[in-house]
Structures are given as C-alpha cells and as structure tokens.
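Student: Have a look at the structure that comes next, please.
The values are calculated or read from the model by the stated rules, or taken from the named source; none is laboratory data. Remember, predicted model here, so these are calculated numbers, not experimental data. Glycine gets a Cβ as well: all are built from the backbone with ideal geometry, and neighbour counts include every protein chain shown. With ligands, DNA and RNA removed, areas are computed over all heavy atoms of the protein, side chains included. Shrake-Rupley method; radii C 1.70, N 1.55, O 1.52, S 1.80 Å.
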Amino acid sequence: MTMRQRIELTVNGRIRSVEVAPHHTLLDVLRDDLGLTGTKECCLVGECGACTVLVDDLAVDSCLMLGVEADGASVTTVEGLATGDKLHPLQEAFLETGAAQCGFCIPGQLLAAAALLANDPHPTRAAVEEGLAGNLCRCAGYEQIIEAVVVAARAGASES
Amino acid sequence: MRAFAYERPTTLQGAVALLAEHGSEARLLAGGTDLIIRLRDGSIAPRIVVDLKRIAELDGQIREHDGGLTIGARAVMTDIAADGRIRRDYRALAEAAAVVGSVQIRNRATLAGNICNASPAADTAPALLVYGARVIAAGPAGTRRIPIDAFFVRSGVTTLARGELVTAIELPRPTSRPGSVHLRRTRRRGHDLASVTLACAVRADGVTQLAYGSLGPRPVLVSDETGLLADPTAPELAKMRRLEALFVGASPSPRSMRASPEYRLAMLHVLGLRAVGTAIERLAQGSVPR
Amino acid sequence: MTDPCVGMSPRRVGGRDRVTGRQAYVADIHLDDVLHAKLVSLDCARARIITVDTSAALAVPGVRLVMTAADLPQPVPRFGPQFQDRPVLAAGETHYHGEPLAAIAAETKDAAEEATRLVRIEYEELPAVFTIAGALDPMAPLVQDPALRPGDRLARSNVLREHHYGWGDVDAASADVVVEGTYAFPMVTQFAIEPHGFIAAPDSDGIAVWSSIQHPNWLQRVIASLLHLPLAKVRIFAPDPGGGFGGKQHAKYEPLVAFMALRAGRPVRLVLTLEETFQAVRRGASEIHVRSGFRSDGGLVFRDIEANYLIGAYADIADRTVAKGSYTSNGPYRVPAVRIVARSILSHTTPSTAFRGFGNPQQIWAVESNMDEAARALGIDPLALRLQNLAHPGEAFIPGDTPADGDWARTVERAAELIGWGSPPAPGRGRGLAVGLKSGPTTGLSNSIVRLLADGSVIVYAGTSDMGQGARTIFAQIAADELGAPLDWVTVVMGDTAVVPYDQQTSASRSSVFMGNSILLACRDIQAKIRAMAARLEPVDEAAVVVERGEVRIGGRVTPIRDVLVRGLGRLGGELIGIGEMRKEAEPEHPLGGTAAFFEFNCTAVEVEVDRETGDVVVARHVTVSDVGKAMNPIQVRGQDEGAAIMGLGHTLMEHIIHDEAGRIRNLGAIDYRIPTSLDLPLRMESDFVENADGPGPYGAKGMSEGALLCVAPAVAAAVHDATGVRIRDLPLSPERVWRALHDAAESPDAGAPEAIDAR
C-alpha cells in the first residue's frame, strides 16, 4: 500500500485538509473521504458527467482527476451551489422547468451549466447544447434541462 | 485502480531524473483524461505517476516566436480552441481541439498529452502534421526538436527516448496563411472517438497538405504539390482521382467495432474532398473565422 | 373549492433534494461497520469452472469474506420472477460474460478490488450461443440444464417458450396485396445513469436490504423465500432509483449480498460499475417476420407474425416481455385474421429483462415498418392507411380483450397536423409516421394509507418507487386536492416495506392509475369520516353532507375540510386514517392472465435529413403525441414523453451491444456504447397529448411514459425511406448502415424492396 498524502483544498468555500491515497480520484475523495455524496459516480471514464465539479471555476470530471491533483485547488460541488436556504438561480430554474426527473445526473448538469453561464452569461441554444454535451441524462431527453439553463440565464444566474 | 506512488517534481530536471530512473514503470500525468481511464481499466499499472503540473519550466502558455507559436506542455484543449492566433492562423488545430471530448475533458486534456498517447485517432495530430509542427522534448541529453511527422511510430509509441518528456509544441510561421480545416466522422453528433479524423491545408502557392488519422497505426501526412487539389476550377472527378492516389497508404484496422475498413476508407475520401473544398474557400476568404 | 392541483404543473415533490445533492441514492447511504463487495467473473461467455482457489484473495489485508457457490446452501439457491433459474452465484458453469462466480467483502473498496484479482480460477471455456440462428441450431449447446425445466417439451432446445395468439383464419384470408419482411432489433441496455446498488445488513432476527429496486415488495418475497424468513423479518429499503426503465424491476444481486451479510455478520454493500450494469440488464433482441394482407383499397385482411426474441442465460422477466409484446403486436388495427407466434430463445448473454416498452418496441418496429412498406406498395398515403385501419373507440380490436379505450385517430391526426403532413417537406428531407400501442398492466394490487393530521396536513404511504417518473408528485397532488391541503402540506412516504403497505410493482406505466386510484380511495375513506364528523357537528343527516375535492358542502354552505377536521377532532386532536386498495384480479383463461387495464397509445411523426455521402441521419423535426386520458401534471407528462422519445432515438440511431466472436461484450462501458447527448437531439422537438378523460385512473387518466418510445424507430426509418428511397430493416440506423444501404441501392436498384410484394 502506498502512503497516503496530505492535501489541502477548499471545498465549497471551506478549507479542508485530508489524507488521500494517490490512486484515489477527486470523486473518491469527495464522496468517501469528505462525505459529499451529491457528486455522483457512474461511468468513471469521463463520458457521463455525473461527477462534474468545478475545480478553480472550470468544469471537470472528478473521476478523471486524482485527489492529490486537487491539492491547493478550490472545488465547488452541488452542495456548494445554494447560499444557505436560498437556491442558486439554476437550481430554481431546474425545478421550474421540470428538468430534474430521477435526479441522478442533475448535480453534474447543474455544475456544467454554472460553468457555462460564468463564461457565457447569455448563451445561444447551440452553446447550451455544447456546454452540456458532456452530461448524459437518460430520463428527460434534455429539452427541459436546456430550457432551465436558458431560464436561469435570463434570471441572471451568472451574477449570483 | 491499483495503488501507485505519486511524485510531483518542481523542476524539469527532477522530472527527467524520475523518468530516467523508473523507465517504463513511470507514467506522466498532465491532464489525466486518458491516463486515469487506463489506470482504472488495468491496461497500464505503473509503479509511479509523475505529475507535471508543478514543474516551474512547464506552463500552459501559448507564446509567439519568430512569427510562429509555442504551445506549452500544459496547455489544455479549451485554451487552444479559444486562442485567437490559433483560430486565425492554425484554424484546423483550433477546430480539432474543440471536438476532443466534452467541455469537462477539454478543460483538462493537454495537447502534449494527446500526441504523447499517440492514439491513431488523436484529433489534433492531423492538424499538427499539416502545419509542420515540431515537438520540443527535454531529456537526460538535453533538449531537442522533433518534427511531428517523425514523432509518431504507432499506437502508444513515439520516438521519445527513455527519460524524455515533451515541454512544448512549436507551430512554425505559416509560409502563407493557408486555408485550413479539420473534419471528422463519429457515430453520433455528440462527442465521440473519430473513425476518421482529417485536416487539410491549402496554401497560396498551390500546395495542399492533408493528414488523416484512425486509418492505420499512426496518423499520416500526404501532400499534393501538383496544384490540382488547390485549383478551385479543377473538376471534382480529377480531384477524387488525386485523393485516391494520395490516400493509397490508408490501412484501417478490420478489428475495430467503431467502423468497418470500407466505411472508413469511403469516408476518408468524402471528407478529403469536402475538406479541400472548404480549405480553398477559406484561403480565398483569408481564413478568418466567424 | 381552492385552486385544483391536479392538472397543474407544481414543482416536483422531492425536487429540491434532487437539485441540492441531498437526495440519497443507494450508493450514498453509509452504514457503520460496512464491508465493501466486489464481484468476480470470467472474461468469457461460457465456462466450466474446474477449481476456485480463494486463499490468496483471503490473505489480502482487510478481506473478510470470499464467497463462492460452495459457501451457499446446497444446491445453490435459485430465483427469478418467472422461473427459479438464476443461481445466487454461478455454480459449476458460467453462462454469460460477466456472470459472477465469487464475491469479495472487505474493509475497503481497494482491498476488495485487489482480492478480485487474486481469486485463482481454473476453467475451461465452452462453446457459447449468442445469436438467434446460433441458439436455434439443432447442434447448439443448451443454455439451461433440462433438469431445470422438468416436464417441458422444449427443455431440450434453447426455446424457453413459444407463444401462440390470434383469431380468424389467416390461411383462408384472401388479400389483393401481401407485403412481407423481416425486421431486426438489436440488444440495447437501459443505461440508467445510476448504476445498480445493493446493501444488506443483519437486522436483529431478520435482514434489511437496500436496493435501487422498482418492486420492493417483490424483492421482499424473493429474499424471504431464499432465506426462509417470514416477510415481516425482511425489511426492504428502496430509495428512489436514479432511473430504472425496467432494468431495476427484479432482484439481481440482492440475494447474494444478503447471504454475504448474514455470513459476515455485518452490513455488506455492492455498487456495480456501469460496465457490470451493462452485464446485468438489457433489452431482448429480435428478428420478426411480418406478412400483412390488404385489399386493394387498403383494408387490412390478415396479419401473420413470427417473432424470435433473443433473451439471455436466465429468464428474468424476459419471457413475459415476449408474451406481452407479441400479444398486441398486430397493433391498434382492425384485422379479421391474425396469427402470432413468438419465441423466447435462451442464449449465453446478459439476461434480458424489462425495458421501457416491455417487448413492444421490437414488434412495433417490425409491424409499423411493414405498414409503411404496404402504404408504398398500395399507393396509399401512410397516414391514410393508418387512419383507415385504426380501431374506433370501443371497438374490440383484440377479441376477448379490453376494447379500444381511446379516440386514437385524434392522436394520429394531431401528430400529422403538427408535422404538417400533406405539405411537402423541405427539399432533401423526408417524413415518416408511425403509431405505437402497448397494453397496460393485466393484473395489479396497490394498497395505500393516507393520514389526515390534526392541522390538515397529510401523509401518504405508497409503496411505489419514484424513479424519476414523478409518482410522488402525482400522489401528493391527488391527496392535496381531495383533502383540501396545500401541496407543500403533503408528505409522501415510500420505499420502506416495514412502514409502507403493499404495492405489487412499479411498472407498465401503472402507478398513476393503480396507486393513484388507491390513494384516491384512501382519501375518499377519509372524506367519509369527515362527512360523518360534519353531520355530527352540525347536526344534520349525513345524507345532507357532500364532501368533495377538499370541501364540505351542506346546503349552499361550503367549508374547507380542514375546518371540519379541527372542530371534529376536538381537544384530543389525533388524526383521520384512510385506507385504499386498487385491485385488478387475474383472469386465468386470458392468454396473458388478464385483460389490459388500459392501452398506451402514441403517434410519432418525424422529418429527417440524410447525408447521402456519409449516411448521417439528422432528425430535423420530431413530433410525439400521446393519448393520456388526463394530464395530471403536464410538465411531467412532457418530460416523460420527450425523455422516452430521445431514448427511442437512441436505439433508432446509435445504440447496440456488440459481441465478439466468442460472445464477449466488446463495447462494455460508456466510451463505446453510445447514447444520445444534448448534441444529438432533433433540431426541433414538439410533444403534445390528447386528453379525453377516458382512462381508468383518477380523473380519467391513463398510464403514460412508455408510449413516446414505442414507434420512434419505424417513424424515422420511414422518413429515411421517404428521403432516399432506401428501406432499412435493421437497427440502429447508424451512419455506416445507412451509407451501406445507399451504396447497395446505387449498385443494385432493387435492394431494399420488400422481401415480397405479392399482388394478386
């Protein structure tokens, strides 16, 4: 067994210091070491996007990043989107348009959408389709998810 | 995933020393989007993973030099696809970088990693070939430049020596700003591994360069210096014949489940002709992206 | 009354947890002292196990248990919803790629994974069958030991069952035009984004099992029977599945994990990888031969269907999908003579199981493609041909079964209107249209309890699984309206067999109808008590009191239920409890064991663009219209229909499981099993529904949510034909397949013509 290594990272604004095994992914660290199970595990090959988180404000598949690589990084997970009881405009929009069905892909969809809107506050439909193409959904057929992102953009999600 | 040791050298020298010491037991980690998949599926099981992201000499900058560009080893696809200079002067590379996986993948995957994996299907390789890119490698014997066409050997194998790693990729100043384009074939419109990936550059002097991947053990560069392909008035049938001659070396694997050899070859010709047409148009327009 | 909630689109009940990451799926549940399990399987389709040496695996630090068939009761217990044929762990022989023959339980996932590599298995690879032709070959190896099928005349073949349905005399029918063809549907997999997860824990003198299961009560019976425990000692927790689509209906590895937990004396959890999920569930593949006879005016005279479904190594519920999918395979049409033969054929592949559409999409692909070919052969517009032959409302289109329960022509006409049928498509595009019909449940039993608490808030207990279809929201809407509570005063409790009463299953689009009615009855039970209460308080005769939709009416005076409740409960407080039961009994004489509770009906019309050089098919417009009776929640109806439509586009355009020449799955995992992404959508999606309040559910609702998947493939293939003149009878319509068909057609203009058009 390889030695665990101590890393320090900021998760949802809170500094966390944790010992991780080098071969554990950021997804493992979030779910197993930090107990943040909102980030979901599915394909583990960077195809489904269920494990999407923001690392230094960029959307990444946390299954394709080692935990040790996140040393010093700032990570945002779905648990960090809302401010206290106040939902993020994207979360509101997903509820409003019925975008969340089984819900399993939704944390990843939300973070991919948040990253998209941060770069492009008023995206075209084509830009939303491109921005969410790394997040598979098997329930909703995407239409209501795309609508939600458009609704959130109109509500000024990128400014929150 | 099997356990391994993780090292994060802060100097190039330190990284080179680790590679020299561990040889094939070591694997380099840049973006990790290929490496971690292979660590998980067990197709590789290194004893040590060497992370390049804290090496002071390596960065993700895209710098101008002698009229060309130098792309740092840590530059990711998102940055390459968005770079104004690449979009203007090396448009096929920007287009290729923009279709490497999803946003999440492109935010991590590096150009250097893409070529070092030497996948025959690597989307950026054809573009680098048509622009005559050079790979800068540092190793125990110092630094050297390897023409990209001399870099690829076969799937997973490059001409990098033991202890060598890629520090940057140079794009030479274009002799004239060519009209260029990247095209590919996939099983769906959403991101996918290419069953044909192809770049084409048509130069003002009448030379057309085409490079294609996913049709043999390594990406291949071919060149038409007759001026036929670049000639907007030449008949399509003549161009198809010329492409047939140029693509004679394509040898797609019969073992792939993604597409049959017949389809890949047919699509190589379809895409080749389309790419030539688009490149000619772009040359005429001065290759300015929208 | 207050504003009704049913028929509106309030936010999803449970939605907030889904957007904040608080929704706990099975893999998110942490139990103290838990052991992590990993499966051990062989990289081949079929093997004889010679020896299994677990010593090296057991020596890995942290490994607590290495379970093999030898550690189970002997003979190894078997289970299954139709046949008790699936062993808890493979014993003696493995029958499909990925079938587990051992399992590790360890303190960490790493230790369990390491140990899987150290189980030394000596085995001999055996010949396997994984195609219909291969399985039907008289020399083919038998997938199931005939001893498992005593008294079965088919036991010495790979045909598990052969079903015969029909009416009239097909052989005597005289047709002007006969059109026939064979249509193939590939193996596809559910690909719920949540991989299946299971936890089992010893629970005082019984056992608790957590599973992402659609049918918790059925699982409870399976576990109780395997462990010889009374039902009351088996507690199933069924957290909301992260997508089910049929793949999570029946027990898979819950029995294994339960045996492991009892042996280890500790909780054991097994969360499958996506690859393992692909090896656990899929849809049956099929080859279906259709021969249809018409009068020259387009009237259907007969239909003759022979369907072969390739199911897997164990029956699971697959034979039922074959039976149910085939029984209605003639479709929603009036045909005097119909003959249907359908076979479930075992193979050394992943056991196929329920998957949205339940055996019907395969048949509808064949029969609706055949209808389009017939329209061309007859020179009749495909829309007109459908409308001409559709059963009218109330018509007994399947003798002895539920008559047509919808005005289906209206649905078809609406779809045609939306796509602009009759106007020319844009240049280079083609249009296609198809209809789909599926029988709802044939039997069912849903119990519910509703508690009206002292302040007028409500708790509903329903054993349905909310896997995204939105059952929880619908139930809350019904209770809110009936009892006059705001929606956010209603709580719906699900997923715990120790607390929630029996629900037979969450399948066949039944829950709005079956559990919906059950909850409606439980609310009516409470309303009766409110009525008595109001009569006592006034006092008036009970006959003078009307309680309806949240209100109490006495004469011209209207009072909210809550006001009567608060006064009636008085100082002692307390609550009112209502119970509901919706039951549809089996009919032993019926070929399916019961008539259809309702039919799902959908019409899909599409417009496509085909790139003739590459074979790319782009769906430019996709119109899907379903007959839902009553849309209790229109946003949810839309979400279900559009989701089903895109899932249908998946098997139409790109999805298929590929085997190598030895029967191993080659495209195992998300890189090479492609499903639609947001970049693969139709350029324009339009969904609509028809509401005639003619369903058996609350307020006239019918079941819905499978309909919009049923006929996507034949609609798209018809449109490809319309655009190119090329007929393709195999799915998926991948770029390469379309390119090849175009290529072949260019070389031989007759390619793609029906196998036979026999015009007399």
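Student: Please report Rg over Rh for segment B:62-172, where both radii come from the alpha carbon positions and Rh follows the Kirkwood definition.
Tutor: Working: Rg = 12.9 Å, Rh = 13.8 Å.
Taking Rh as the inverse mean 1/r over Cα pairs, Rg/Rh reads 0.94.
Student: In segment C:1-35, what residues drop by 30 Å² or more in accessible surface going from the chain by itself to the full protein assembly, probe 1.4 Å?
Tutor: Buried by 30 Å² or more upon assembly, which counts only protein chains, are C:11, C:12, C:16, C:18, C:19, C:20, C:21, C:25, C:28.
Student: Compute the semi-axes of the equivalent ellipsoid of chain B, taking the square root of 5 times each eigenvalue of the Cα gyration tensor, and list them largest first in whole Å. Working shown, then result.
Tutor: Details: eigenvalues 215, 91, 51 Å².
Output for chain B: semi-axes of 33, 21, 16 Å.
Student: If you take the beta carbon distance between residue B:41 and residue B:3 as r and set R0 to 25 Å, what does 1/(1 + (r/R0)^6) give as a FRET efficiency, to the nearest 0.05? Walk me through the numbers before you get to the answer.
Tutor: Details: r = 16 Å, r/R0 = 0.63.
That pair, residue B:41 with residue B:3, gives E of 0.95.
Student: For the pair residue C:70/residue C:384, report the inter-label distance in nm, with labels modelled 7 Å from Cα in the Cβ direction.
Tutor: 7.4
Student: Let me spell out the model: positive unit charges on the Cβ of Lys and Arg, negative unit charges on the Cβ of Asp and Glu, origin at the Cα centre of segment C:178-280. What dipole size does that give, in debye rounded to 20? Provide the component values of the computation, followed by the final result.
Tutor: On the way: 8 positive and 8 negative charges, 84 e Å.
Dipole about the Cα centre, nearest 20: 400 debye.
Student: Only counting protein heavy atoms at a 1.4 Å probe, give the residues of segment C:633-654, ordered by number, whose accessible area falls by 20 Å² or more when the other protein chains are present relative to the chain alone.
Tutor: C:635, C:638, C:639, C:642, C:643, C:646, C:647, C:654
Student: Using a Cα-Cα cut-off of under 23 Å, which lysines could be cross-linked to residue C:109, ignoring same-chain neighbours fewer than 8 residues away?
Tutor: Within reach: A:40, C:38, C:252.
Student: May I ask which residue of C:267, C:327, C:245 lies farthest towards the positive end of the charge dipole of segment C:242-342, with charges of +1 (Lys, Arg) and -1 (Asp, Glu) on Cβ and the Cα centre as origin?
Tutor: C:267
Student: Moving to a separate point now. How large a share of the accessible area of chain C, in percent, is made up of carbon and sulfur atoms when the probe is 1.4 Å and the other protein chains stay in place? Intermediate values should be presented prior to the final figure.
Tutor: Working: 12720 of 24800 Å².
C and S atoms contribute 51 percent here.
Student: Continuing with the same structure: Need one word for segment C:1-154: rounded, prolate or oblate. Basis is the Cα gyration tensor (sqrt eigenvalues a ≥ b ≥ c); a/c below 1.5 gives rounded, then a/b vs b/c decides.
Tutor: Working: a/c = 2.68, a/b = 1.35, b/c = 1.98.
Oblate, since a/c reaches 1.5 and b/c is not below a/b.
Student: Just subtract the alpha-carbon distance of residue B:204 and residue B:64 from 0.36 nm times their residue separation and send over the number in nm, one decimal. Intermediate results must be reported in sequence, preceding the final value.
Tutor: Working: separation 140, 0.36 × 140 = 50.40 nm, distance 2.27 nm.
This chain segment gains 48.1 nm when fully extended.
Student: If you stretched the chain out fully between residue C:29 and residue C:8, how much longer would it get, using 0.36 nm times the residue separation minus the C-alpha to C-alpha distance? Provide the component values of the computation, followed by the final result.
Tutor: On the way: separation 21, 0.36 × 21 = 7.56 nm, distance 3.36 nm.
Gain on extension, residue C:29 to residue C:8, equals 4.2 nm.
Student: If N is the number of residues in segment B:179-285, what value comes out of its Cα radius of gyration divided by 2.2 N^0.38 Å? Provide the component values of the computation, followed by the final result.
Tutor: On the way: Rg = 13.5 Å, N = 107, 2.2 N^0.38 = 13.0 Å.
Segment B:179-285 yields a ratio of 1.04.
Student: Please compute, over every Cα-Cα pair in segment C:614-738, the percentage with a separation greater than 24 angstrom. Please list the in-between numbers first.
Tutor: Working: 2974 of 7750 pairs.
Tail of the P(r) past 24 Å holds 38 percent of the pairs.
Student: Calculate, axis by axis, the spread of Cα positions in segment C:299-444 along the three principal axes, and write the results as whole Å, longest axis first.
Tutor: Extents along the principal axes, in whole Å: 50, 39, 28.
Student: Which value, in square angstrom to the nearest 100, describes the accessible area buried between chains C and B on both sides, using a 1.4 angstrom probe?
Tutor: Values: alone 28030 and 13740 Å², together 39380 Å².
So the buried area, both faces added, is about 2400 Å².
Student: Send over a whole-number figure in Å² for the accessible area per residue of the protein assembly as shown, probe 1.4 Å. Can you show the working numbers first?
Tutor: Values: 41410 Å² over 1210 residues.
That works out to 34 Å² for each residue.
Student: Also: Dipole of segment A:89-159 (Lys/Arg Cβ +1, Asp/Glu Cβ -1, origin at the Cα centre): which of A:153, A:128, A:107 lies farthest to the positive side?
Tutor: Going by the Cα projections, it comes out as A:107.
Student: Same structure again: How large is Rg over Rh for segment B:5-51, taking Rg from the Cα atoms and Rh as the Kirkwood inverse mean of 1/r across Cα pairs? Present the calculation step by step, with values, prior to reporting the outcome.
Tutor: Values: Rg = 10.5 Å, Rh = 10.8 Å.
Rounded to two decimals, Rg over Rh is 0.97.
Student: Give, in nm to one decimal, the length gained when the segment between residue C:543 and residue C:671 is fully stretched (0.36 nm per residue of separation minus the Cα-Cα distance). Could the numbers behind the result be given before it?
Tutor: Details: separation 128, 0.36 × 128 = 46.08 nm, distance 6.68 nm.
Contour length minus Cα-Cα distance gives 39.4 nm.
Student: Using a probe of 1.4 angstrom, how much of the accessible area of segment B:179-285 is carbon and sulfur, in percent?
Tutor: 57
Student: I would also like to ask the following. Hey, any idea what the orientation-averaged projected area of the convex hull of chain C's Cα atoms comes to, in nm²?
Tutor: On the way: hull surface 140.0 nm².
With every direction weighted equally, the projected area is 35.0 nm².
Student: Also, I was wondering about something else. Across 10 Å bins from the origin, how do the percents of Cα pairs in segment A:89-159 run, short distances first?
Tutor: 25, 62, 13, 0
Student: In the protein assembly as shown, if the dipole is taken from +1 on Lys/Arg beta carbons and -1 on Asp/Glu beta carbons about the Cα centre, which of C:734, C:439, C:591 is farthest to the positive end?
Tutor: Going by the Cα projections, it comes out as C:734.
Student: Just the number, please: buried accessible area between A and B, total of both chains, 1.4 angstrom probe, nearest 100 square angstrom.
Tutor: That pair of chains buries around 2300 Å² in total.
Student: Now a separate question. Based on DSSP H runs of at least 4 residues, each adding -39500 (n - 2.57), what is the mean residue ellipticity at 222 nm of chain B after dividing by all its residues, to the nearest 500 deg cm²/dmol? Can you show the working numbers first?
Tutor: Details: 10 runs with 91 residues, N = 290.
The per-residue figure over chain B is -9000 deg cm²/dmol.
Student: Using the Kirkwood radius built from alpha carbon pairs, what does the Stokes-Einstein equation give as D for segment A:5-80 at 25 °C and 0.890 mPa s, in µm² per second? Let's see the in-between values first.
Tutor: Details: Rh = 11.8 Å.
Answer from the Stokes-Einstein relation: 207 µm²/s.
Student: Under a Cβ-only charge scheme (Lys and Arg +1, Asp and Glu -1), can you give me the dipole magnitude of segment B:5-51 about the Cα centre, in debye to the nearest 20?
Tutor: Working: 5 positive and 6 negative charges, 17 e Å.
My answer is approximately 80 debye.
Student: Counting each pair of different Cα atoms once, what's the Kirkwood radius of segment B:1-138 in Å, rounded to one decimal? It would help to have the intermediate numbers written out before the result.
Tutor: Values: mean 1/r = 0.0639 Å⁻¹.
After inverting the mean inverse Cα-Cα distance, the result is 15.7 Å.
Student: To the nearest 100 Å², how much accessible surface do chains A and C hide from each other in total, with a 1.4 Å probe?
Tutor: On the way: alone 8320 and 28030 Å², together 32160 Å².
Counting protein atoms only, the buried area is about 4200 Å².
Student: When the Cα centres of segment C:210-226 and segment C:686-737 are compared, how far apart do they sit, in Å?
Tutor: About 33 Å separates the Cα centre of segment C:210-226 from the one of segment C:686-737.
Student: Between residue C:558 and residue C:164, what is the label-point separation in nm under the 7 Å Cα-to-beta-carbon projection?
Tutor: Between residue C:164 and residue C:558, the label points sit 6.1 nm apart.
Student: Can you tell me the dipole magnitude for the protein assembly as shown around its Cα centre, using point charges on the Cβ only (Lys, Arg +1; Asp, Glu -1), in Debye to the nearest 20?
Tutor: On the way: 122 positive and 144 negative charges, 258 e Å.
With Lys and Arg at +1 and Asp and Glu at -1, about 1240 debye.
Student: What whole number of Å gives the distance from the Cα centroid of segment C:3-82 to the Cα centroid of segment A:101-119?
Tutor: The two parts, judged by their Cα centres, are 27 Å apart.
Student: In whole percent, what relative contact order does segment A:5-80 give with Cα contacts below 8 Å and a gap of six or more residues?
Tutor: Details: 156 pairs, mean separation 30.5, N = 76.
With pairs under 8 Å counted, the relative contact order is 40 percent.
Student: Additional query: Could you work out the per residue convex hull volume over the alpha carbons of the protein assembly as shown, in cubic angstrom? Mind showing how you got there, number by number?
Tutor: On the way: hull volume 222.6 nm³, N = 1210.
Convex hull volume per residue, Cα atoms: 184 Å³.
Student: Does any residue of segment B:1-23 lose at least 50 Å² of accessible area with all protein chains in place compared with its chain alone, and if so which ones (probe 1.4 Å)?
Tutor: Listed in order, they are B:1, B:2, B:3, B:4, B:6.
Student: Could you tell me how far the Cα centroid of segment B:85-127 sits from the Cα centroid of segment B:161-201, in Å?
Tutor: 6
Student: Taking a ≥ b ≥ c as the square roots of the Cα gyration tensor eigenvalues, with a/c under 1.5 meaning rounded and otherwise prolate when a/b beats b/c, else oblate, which class fits segment C:81-227? It would help to have the intermediate numbers written out before the result.
Tutor: Values: a/c = 2.17, a/b = 1.77, b/c = 1.23.
Here segment C:81-227 falls in the prolate category.
Student: Right, another one. Could you order peptides C:621-633, A:100-112 by the average number of other Cβ atoms within 10 Å of their residues, highest first?
Tutor: On the way: C:621-633: 27.2, A:100-112: 30.5.
So the order, starting with the most tightly packed, is A:100-112, C:621-633.
Student: At a 1.4 Å probe radius, carbon and sulfur cover how many percent of the accessible area of segment A:5-80? Intermediate values should be presented prior to the final figure.
Tutor: Numbers: 860 of 2160 Å².
Here carbon and sulfur together make up 40 percent of the probe-accessible area.
Student: While we're here: Can you compute the helix-only [θ] at 222 nm over chain C? Use -39500 (n - 2.57) per DSSP H run of at least 4 residues, normalise by all residues, nearest 500 deg cm²/dmol. Mind dumping the intermediate values first?
Tutor: Values: 18 runs with 196 residues, N = 760.
Value at 222 nm, helices only, nearest 500: -8000 deg cm²/dmol.
Student: Which number do you get for Rg(Cα) / (2.2 N^0.38 Å) in segment C:230-347? Let's see the in-between values first.
Tutor: Working: Rg = 20.9 Å, N = 118, 2.2 N^0.38 = 13.5 Å.
Rg over 2.2 N^0.38 Å, computed on Cα atoms: 1.55.
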